[in-house]
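This report concerns only the one structure given below.
The values are calculated or read from the model by the stated rules, or taken from the named source; none is laboratory data. Predicted model, so just to flag it, every value in this text is computed and none were measured. Cβ atoms come from the backbone with ideal geometry, glycine included; neighbour counts cover every protein chain shown. Surface accessibility is based on the protein's heavy atoms, side chains included, excluding ligands, DNA and RNA. Shrake-Rupley method; radii C 1.70, N 1.55, O 1.52, S 1.80 Å.
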Amino acid sequence: MKLVSFETAGRKGIGVHLDDGIVDLASDAMLPTDMVEFIALGDEGLARALALVDSGAARITADLLAPVRPRSNVMCVGKNYREHVGENRATSDAAAPQKPPAHLLMFTKAPSSIVGDGVKVRVSDDATKTSDYEGELAVVIGVGGSHLEAADAWRHVYGYTIVNDMTVRELQHRHKQYFIGKSAATYCPMGPWIVTADEFGEVGPQVVRTTVNGEVRQEAPVSQMIFDIPEIIRTVSTTVLLEPGDVIATGTPGGVGVGFDPPRYLGAGDVVEVSIDGIGTLTNVAV
Ligand code: MG
C-alpha cells in the first residue's frame with residue numbers, strides 16, 4: 001500500500017493512494033488522522049485500511065503533505081555509498097585521503113525542515129549559495145525498540161519513502177556537527193508517500209536516481225550501501241529508542257553538486273527530482 005498524508009479544504013488527514021484517487025482513512029472512525037499514530041497501530045491499522053479500499057470507499061483528491069512527521073529528528077546516515085565518500089569535503093582538506101567510515105556516521109535534521117512533494121525549497125534563503133541535493137532511500141520505523149539485533153531488524157521496518165537530504169554545504173563544513181547545515185526550513189523534502197515493506201519487497205536492486213532539470217546526477221542501486229539497513233538499525237538502536245514513525249535516511253550515492261569541479265549548487269528555478277524504483281518520484285523546485 002501507498003500511504004499518504006494530505007490536506008483538503010483546510011482539513012488534514014491520512015489515506016491510501018490509488019491510481020484513481022485517495023481513500024480517506026477518516027471513513028473508518030476507529031482510525032487516527034495522524035500518520036505516526038496510524039503506524040503505531042501496526043498490522044491492525046493496515047488491515048482496516050485495506051478493508052476500506054476493498055469496500056470501494058470514495059476516492060478523493062487532495063494536496064499531499066510529507067507522508068510522516070516523526071516525533072524525533074529525521075535520522076540520516078552519512079557517507080554510505082563509496083562514490084559519495086570522497087566528493088563532499090571542505091576545500092581545506094581536499095587533499096586528504098577519504099576512506100569509507102569504519103563506523104556508522106549519523107546526523108539528524110530538524111523536523112521543521114520537512115516538506116512534501118511539490119513544495120518549493122527556499123535556496124534563495126541560503127546566503128552562502130552552496131545549497132545541494134542528496135537523493136536517498138528512507139526507512140520508516142514501525143515497531144519501536146532499542147538494542148535491536150540485525151537479524152530482527154526487518155521486523156521493525158514499516159515501509160519506505162524518498163528523502164532529499166538538502167544541505168547547505170558551507171554550513172555543513174563550518175560547524176563540527178552537520179545539524180545546522182542540514183536543517184534549513186524546506187530542506188527535507190519527503191514523499192510522495194510511504195510504500196509499505198510488503199509492497200516494496202526485498203531491498204537491493206532498486207535504483208536511486210536524482211535529476212536536476214532533467215539531467216541525471218545520481219544513479220545507483222541501494223545494494224551499494226556500505227552499511228545495510230539491518231546494520232543501520234542495529235547500530236542506531238544501541239542507544240536510541242526507536243519509535244513508530246521514525247525516519248532514517250540511508251545515505252546518498254555519488255553525484256551530488258559539491259562533487260563537481262566547479263561545484264554545481266542549486267539555484268532558483270532548478271527542478272530536483274528523486275526517483276526510487278518501487279516508490280515513485282519526489283519533485284521539488286528551488287526558489
Ligand atoms: Mg545525506
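Quick one: how many residues across the range 22-42 are open to solvent by 20 Å² or more (accessible area, probe 1.4 Å) and within 12 Å of Met1 (Cα to Cα)?
Residues meeting the conditions: 0.
Determine whether the range 237-248 contains at least one residue that is within 16 Å of the ligand (Cβ to nearest atom), open to solvent by 10 Å² or more (accessible area, probe 1.4 Å), within 21 Å of Asp117 (Cα to Cα) and in contact (Cβ under 8 Å) with a residue 60 or more places away in the chain. Before the answer, list the steps.
Going through the range 237-248, the residues within 16 Å of the ligand (Cβ to nearest atom) turn out to be 247-248.
Filter again for open to solvent by 10 Å² or more (accessible area, probe 1.4 Å), leaving none.
No, the conditions are met nowhere in the range 237-248.
Among the residues of the range 220-236, write down those that are over 16 Å from the mean Cα position of the chain (by Cα) and open to solvent by 60 Å² or more (accessible area, probe 1.4 Å).
Across the range 220-236, the qualifying residues are Ser223, Gln224, Arg234.
Which residue pairs have Cβ atoms under 7 Å apart, sit 6 or more places apart or on different chains, and have a first residue in the range 260-272 that is modelled with pLDDT of 95 or more and a second that is part of a loop (DSSP other than H, G, I, E, B) and open to solvent by 50 Å² or more (accessible area, probe 1.4 Å)?
Within 7 Å, the pairs are Tyr265/Lys129; Ala268/Val287; Asp270/Asn213; Val271/Asn213.
Looking only at the range 249-280, count how many residues are open to solvent by 20 Å² or more (accessible area, probe 1.4 Å) and touching a Gly at 6+ places or on another chain (Cβ under 9 Å).
Qualifying residue count for the region: 9.
Output the residue which, of all residues in the range 180-212 that are open to solvent by 10 Å² or more (accessible area, probe 1.4 Å), closer than 23 Å to Lys120 by Cβ and of a type in the set (A, V, I, L, M, F, W, C), is farthest from the ligand (Cβ to nearest atom).
Ranking the qualifying residues of the range 180-212, first place goes to Trp193.
I need the full set of residues from the range 111-140 which are among the aliphatic types (A, V, I, L, M) and either touching a Gly at 6+ places or on another chain (Cβ under 7 Å) or open to solvent by 10 Å² or more (accessible area, probe 1.4 Å) (or both), in order please.
We begin by selecting, within the range 111-140, every residue among the aliphatic types (A, V, I, L, M); these are 114-115, 119, 121, 123, 127, 137-140.
Residues satisfying the conditions are Ile114, Val115, Val119, Val123, Ala127, Val140.
In the range 159-169, which residues are out of contact with any Leu (no Cβ under 9 Å at 6 or more places or on another chain) and more than 16 Å from the ligand (Cβ to nearest atom)?
Within the range 159-169, the first condition is being out of contact with any Leu (no Cβ under 9 Å at 6 or more places or on another chain), and the residues that meet it are 165, 167-169.
Correct list: empty.
State the number of residues belonging to the range 169-179 that are open to solvent by 10 Å² or more (accessible area, probe 1.4 Å), in contact with a helix residue (DSSP H, G or I) (Cβ under 6 Å, 6 or more places away or on another chain) and within 20 Å of Gly254 (Cβ to Cβ).
As a first pass, look at the range 169-179 and keep what is open to solvent by 10 Å² or more (accessible area, probe 1.4 Å): 170-171, 173-179.
Add one more test, that the residue is in contact with a helix residue (DSSP H, G or I) (Cβ under 6 Å, 6 or more places away or on another chain), and what stays is 171, 178.
Restricting the remaining residues to those that are within 20 Å of Gly254 (Cβ to Cβ) gives 178.
Selection size over the range 169-179: 1.
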